[in-house]
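Undergrad: I'd like to ask some things about the structure below.
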Amino acid sequence: MNSLVLFVGLVSFAFANSACPDGTIGTSFNKLCYKVVKTPATWLSAQFDCNRAGGDLAASTNVFTNQFLLNLSIANFPNPGGFWIGGSNLVEGTGNWSWIDGNVWSYTNWASDDPKPTNTLDSVAVHIPKGRPRNINSYDAIQMHSPNGFWYDASKTGLLPYICEIPINPSRNCPEPNWVYFGKTGSCYQVLAQNDTWVNQHQACLNLGADLASIHSNIENLLVGAFTLDTLQTPQASNGIFFVGLNKNSKGNWTWSDGTSFDYGYMSGPYGNYGSAYGSLQYSAFYWAGVSNDLQKYPAVCKSDSF
């Protein structure tokens, strides 16, 4: 009975808010609007779609929000089923779970690992391992299941529907629609899909009031790499590279073209030597690689300060 009362009460939290963007749902318990997306996507592609709308994948930071998101899923997605929310163990680069929108990780609703009765005649309780998280390396994103509302860690490459959270009256942090803002880095990014040399791509970014992207954390490396492939509509398993702001200075040391400190990652071994003057990211695992021929042409990604 208590769960029924909670369900009914939380349904009433959803309401049409004129301050929310078209196609989103407001609530009475926070200052966010929610966008339900039925088209399945990977966790990262879903996050980029939410970014383009001015938000992030939804964070479930308390029992009320968790039930609200569950209610939205039951009303809009196949049931039973799963959908992406904004939790991942890739965000901080430490393996700890956190929210992509920067919210404090203080509430969880992981699936339990309790013994379940079998359907055999003796009805003996047996251990069915359903407990989460399992902390497997490839299980790096969170899907919520309906109708139970529990969380399950899973590979970010799975295709699921998702729910975005968008601030009321979201501000444009980037200069024009072709740019996407990442809240975790506080910067704007744009992909140059046309193949060109590093020098020409660098100039193209400068002409946009930006520079080739510099990378300063594990999550920025992941977001820049995945955002570029998402924009190019290229699977990560493909062979190929795209330019970032890596280049060698007069002393032969790797630096960033935007002048920021070289404080994350490294260029060494076969990819960092052989006279390479410019650097790039590989499609397959977003490793950094030197480009030995100055005339080689690839796509690139620009980075700009937010506005």
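Undergrad: Take the conditions touching a His at 6+ places or on another chain (Cβ under 8 Å) and either farther than 17 Å from F77 by Cα or not aliphatic (A, V, I, L, M) (or both) and apply them to Y181. Does it pass?
TA: no
Undergrad: Hey, can you tell me all the residues within the range 202-244 that are among the small types (G, A, S) and within 26 Å of T42 (Cβ to Cβ)?
TA: A213, S214, S217, G225, A226, A237, S238, G240
Undergrad: Still on this structure: Here are some conditions: (1) farther than 24 Å from T39 by Cα; (2) in contact (Cβ under 8 Å) with a residue 60 or more places away in the chain; (3) not acidic (D, E). I163 meets all but one. Which one does it not meet?
TA: Among (1) farther than 24 Å from T39 by Cα; (2) in contact (Cβ under 8 Å) with a residue 60 or more places away in the chain; (3) not acidic (D, E), the lone unmet condition for I163 is (1).
Undergrad: Under 8 Å between Cβ atoms, at least 6 apart or on separate chains: pull out the pairs that start in the range 134-146 with a residue that is outside the structural domain of N96 (by TED's automatic domain parsing) and end on any residue that is at pLDDT 95 or above and surrounded by 14 or more Cβ atoms within 10 Å (Cβ to Cβ).
TA: Between residues of the range 134-146 that are outside the structural domain of N96 (by TED's automatic domain parsing) and residues that are at pLDDT 95 or above and surrounded by 14 or more Cβ atoms within 10 Å (Cβ to Cβ), there is no close pair.
Undergrad: Among the residues that make up the range 19-27, is at least one of them closer than 23 Å to F150 by Cβ, in contact with a Phe, Trp or Tyr (Cβ under 9 Å, 6 or more places away or on another chain) and at pLDDT 80 or above? Even if it seems obvious, please write down each step before you answer.
TA: Initially, the range 19-27 is screened for residues closer than 23 Å to F150 by Cβ, giving 25, 27.
Cutting the leftovers down to in contact with a Phe, Trp or Tyr (Cβ under 9 Å, 6 or more places away or on another chain) gives us 25, 27.
Adding the requirement that they be at pLDDT 80 or above leaves 25, 27.
Looking for residues that are closer than 23 Å to F150 by Cβ, in contact with a Phe, Trp or Tyr (Cβ under 9 Å, 6 or more places away or on another chain) and at pLDDT 80 or above, one finds at least one in the range 19-27, hence yes.
Undergrad: Here's another thing I want to ask about it. Does I166 satisfy the condition of being crowded, with 19+ Cβ neighbours inside 10 Å, out of contact with any Pro (no Cβ under 7 Å at 6 or more places or on another chain), of a type outside the set (D, E, K, R) and not in a helix (DSSP H, G or I)? If you could, list the steps in order and put the result at the bottom.
TA: On the way: crowded, with 19+ Cβ neighbours inside 10 Å: yes; out of contact with any Pro (no Cβ under 7 Å at 6 or more places or on another chain): no; of a type outside the set (D, E, K, R): yes; not in a helix (DSSP H, G or I): yes.
Answer is no for this residue.
Undergrad: I'd like to verify a number: residues in the range 198-240 that are more than 30 Å from S98 (Cβ to Cβ), at pLDDT 85 or above and of a type in the set (S, T, N, Q), how many?
TA: Number of matching residues: 4.
Undergrad: If I filter the range 202-243 down to residues being part of a helix (DSSP H, G or I) and among the polar types (S, T, N, Q), which single residue comes out as nearest to F286 (Cα to Cα)? Reasoning before the result, please.
TA: In the first step, residues of the range 202-243 are kept if they are part of a helix (DSSP H, G or I); the result is 202-207, 218-232.
Filter once more, so that each one left must be among the polar types (S, T, N, Q): 203, 207, 218, 221, 228, 231.
Details: Q203: 23, N207: 26, N218: 10, N221: 7, T228: 10, T231: 15 Å.
Ranking the qualifying residues of the range 202-243, first place goes to N221.
Undergrad: Check off (1) in a helix (DSSP H, G or I); (2) free of Cβ contacts under 8 Å to residues at least 24 places away in the same chain; (3) more than 10 Å from C302 (Cβ to Cβ) for V199 and give me the number that stays unchecked.
TA: Exception for V199: condition (2).
Undergrad: If L121 passes every condition in (1) modelled with pLDDT of 95 or more; (2) part of a loop (DSSP other than H, G, I, E, B); (3) aliphatic (A, V, I, L, M) but one, which one does it miss?
TA: In the conditions (1) modelled with pLDDT of 95 or more; (2) part of a loop (DSSP other than H, G, I, E, B); (3) aliphatic (A, V, I, L, M), L121 misses (1) alone.
Undergrad: Would you check if P177 is surrounded by 17 or more Cβ atoms within 10 Å (Cβ to Cβ) and under 20 Å from the mean Cα position of the chain (by Cα)?
TA: Details: surrounded by 17 or more Cβ atoms within 10 Å (Cβ to Cβ): no; under 20 Å from the mean Cα position of the chain (by Cα): yes.
Criteria not met by P177.
Undergrad: Kindly indicate whether any position in the range 79-86 is in the same structural domain as K35 (by TED's automatic domain parsing) and modelled with pLDDT under 85. Walk me through it before giving the result.
TA: Within the range 79-86, the first condition is being in the same structural domain as K35 (by TED's automatic domain parsing), and the residues that meet it are 79-86.
Still in the list and also modelled with pLDDT under 85: none.
The answer is no; no qualifying residue exists.
Undergrad: Let me ask something else about it. Of (1) of a type outside the set (S, T, N, Q); (2) touching a Lys or Arg at 6+ places or on another chain (Cβ under 7 Å); (3) surrounded by 18 or more Cβ atoms within 10 Å (Cβ to Cβ), I142 satisfies all except one. Which?
TA: Of the numbered conditions (1) of a type outside the set (S, T, N, Q); (2) touching a Lys or Arg at 6+ places or on another chain (Cβ under 7 Å); (3) surrounded by 18 or more Cβ atoms within 10 Å (Cβ to Cβ), the odd one out for I142 is (2).
The values are calculated or read from the model by the stated rules, or taken from the named source; none is laboratory data. Source: prediction; values computed, not measured. Every residue, glycine as well, gets a Cβ built from its backbone with ideal geometry; the counts of neighbours run over all protein chains shown.
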